[in-house]
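Visitor: Sharing a structure below in structure tokens format, with a few things to ask.
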Amino acid sequence: MTTPSDAPASQVYSWEPSNSWIAARYGCDPASILRFDLNTSTTTPGWVADALRATFDPPLHEYPDSLYAELAEAAAAYTGAGRYEILVGAGMDEVLDIIAKTFIRPGGRAIVPIPTYSMYGVLTGQRSATIDAIPRRPAAEGFALDVDAICARLEGADLVWLCSPNNPTGAAEDPAAIVRILDAAAALGSAGPVVVVDEAYHEFIRSSFVPQRERYPHLIVTRTLSKAFALPGMRVGYAVAVRPTIERMERNRPPGSVTTVSAALAARALREPAYALATAAAIPAERAWLGEALGAAGWPVYPSVTNFILARVGSPERTEAATLALLRAGIVSRTFGPAHPLRGHLRFTVRTRPDNERLVAVARAFMEEQGA
Ligand SMILES: Cc1ncc(COP(=O)(O)O)c(C=O)c1O
């Protein structure tokens, strides 16, 4: 769901409206609200409760370690990068913000293949830079990157925002397409743009561009603990790039935005990734069930390799009515406004079977009512 125009001022910059706001607005029970819009896990890892009772180092009456050494080391070991090839932030969104501040000049230009993760446009706009929106190939071509169009725009651009697997379409980018963009950017030498590959959903596919960083010093890979690691409330993300690139970004990093508690829990999660990998491994079967059930209800879905799926609902009017029917039933979906290339679609997180059944029941009832 995008932030409604009548949301309170405190919600204007928030990514999504809160449960209490939705409950009051749509008359549903806040306790029964299901967030199908945030691509998060449905349970907190079991070890977290014990970990929160531990003594932290440094203790909580002191500031966090400004280098987040333990967390950076854990991220380095997890990704196979060096300790100084990691930059830590309060969620990937802060990491993306630091990247934008470092590499997008005020009045500059950043390339955004659309549709993609909305923050790239927001952050580029905040730099008073031009959002160079390049449409993806059509749905029938899997929303693939238009590599020729992107390469034709690289000269003079500050940055290229790529996302693989891509949110909200759910498909992984063709690695050969990303390599072509990296090569073309590298051919421009030091004047070439930085290329960001956002791997928020990495654990669902496992392949990565991290090993390419030495070949492409202008490549930055970004990751998060919010998705397969199931810790979005901890707000931890990180970037991986060669050391000189990380050092440039460090100048724009605030010293203590990641709390001591968050850093400790994220470090442990990265040292023990079995939980995240098991979460990811359970997704394909449930995703297939949900995709089939939504399709049978009349909302066909696109292929996805992630923990969310994009469904085609119909006309923008029908999609708006469906969104409302879902909200009244306490189900929050990710919506796309009238000017968005995905108007007429909704995006759903793959949740548990009972949750998914609740979604499908509302979808079915809605489509029956529509006579569709
Ligand atoms: C592609 C992508 N990048 C980044 C983020 C933000 O992650 P974080 O919670 O670490 O800020 C998200 C969250 O939905 C996402 O989908």
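Visitor: Explain nothing, just the number: relative contact order of region 63-272, from Cα pairs under 8 Å at least 6 residues apart, as a whole percent.
Guide: About 28 percent, as a whole number.
Visitor: Sort 105-111, 305-311 by packing, meaning the average of other beta carbons within 10 Å per residue, with the highest value first.
Guide: 305-311, 105-111
Visitor: So how do MET234, MET249 rank on accessible area, 1.4 Å probe, biggest first, that is with the largest at the start?
Guide: Sorted by accessible area, descending: MET234, MET249.
Visitor: So, one more: Determine the shape class of region 63-272: with a ≥ b ≥ c the square roots of the Cα gyration tensor eigenvalues, call it rounded for a/c under 1.5, and otherwise prolate if a/b is greater than b/c, oblate otherwise.
Guide: Taking the square roots of the gyration eigenvalues as a ≥ b ≥ c, region 63-272 is prolate.
Visitor: Sorting GLU94, GLU247 by accessible area (1.4 Å probe), largest first, what list results?
Guide: Highest to lowest solvent-accessible surface, that is GLU247, GLU94.
Visitor: Peptides 322-335, 214-227, 252-265: what's the order by average Cβ count within 10 Å, highest mean first?
Guide: 214-227, 322-335, 252-265
Visitor: Name the residues of region 80-106 whose amide N is less than 16 Å from a point 7 angstrom out from the Cα of ALA51 along the C-beta direction?
Guide: Within reach of a label on ALA51: 89-92.
Visitor: Check VAL194: other-chain or 5+ apart residues with amide H under 5 Å from its amide H, H built from backbone geometry?
Guide: LEU159, VAL160
Visitor: Applying the Karplus parametrisation 6.51 cos²θ - 1.76 cosθ + 1.60 with θ = phi - 60° to the phi angles of region 62-76, what ³J(HN,Hα) value in whole Hz is obtained for each residue in order, glycine and proline being reported as x?
Guide: So the Karplus estimates, Gly and Pro as x, are 10, 6, x, 4, 5, 9, 6, 4, 5, 5, 4, 5, 5, 5, 5 Hz.
Visitor: While we're on this one: Could you tell me the relative contact order of region 172-331? Use alpha-carbon pairs under 8 Å, at least six residues apart, and round to a whole percent.
Guide: Computed over region 172-331, the figure is 17 percent.
Visitor: Which order do the peptides 21-31, 127-137 take when ranked by the mean count of other beta-carbon atoms within 10 Å per residue, highest first?
Guide: The densest-packed peptide leads the list: 127-137, 21-31.
Visitor: Averaging sequence separations of C-alpha pairs under 8 Å and six or more residues apart, then dividing by the length of the chain, give the relative contact order as a whole percent.
Guide: The normalised contact order for the chain reaches 22 percent.
Visitor: Tell me, what is the per residue accessible area of region 63-272 in Å², probe radius 1.4 Å?
Guide: It amounts to 37 Å² per residue over region 63-272.
Visitor: Could you check how much of the accessible area of the chain is carbon and sulfur, as a whole percent, using a 1.4 Å probe?
Guide: The nonpolar share, carbon plus sulfur, comes to 54 percent.
The values are calculated or read from the model by the stated rules, or taken from the named source; none is laboratory data. Computed from a prediction, not measured in an experiment: that's the story for all the values here. So basically every Cβ, Gly included, is an ideal-geometry build from the backbone, and we count neighbours across all protein chains shown. Ligands, DNA and RNA are excluded from the accessible area calculation, which covers all protein heavy atoms including side chains. Shrake-Rupley method; radii C 1.70, N 1.55, O 1.52, S 1.80 Å.
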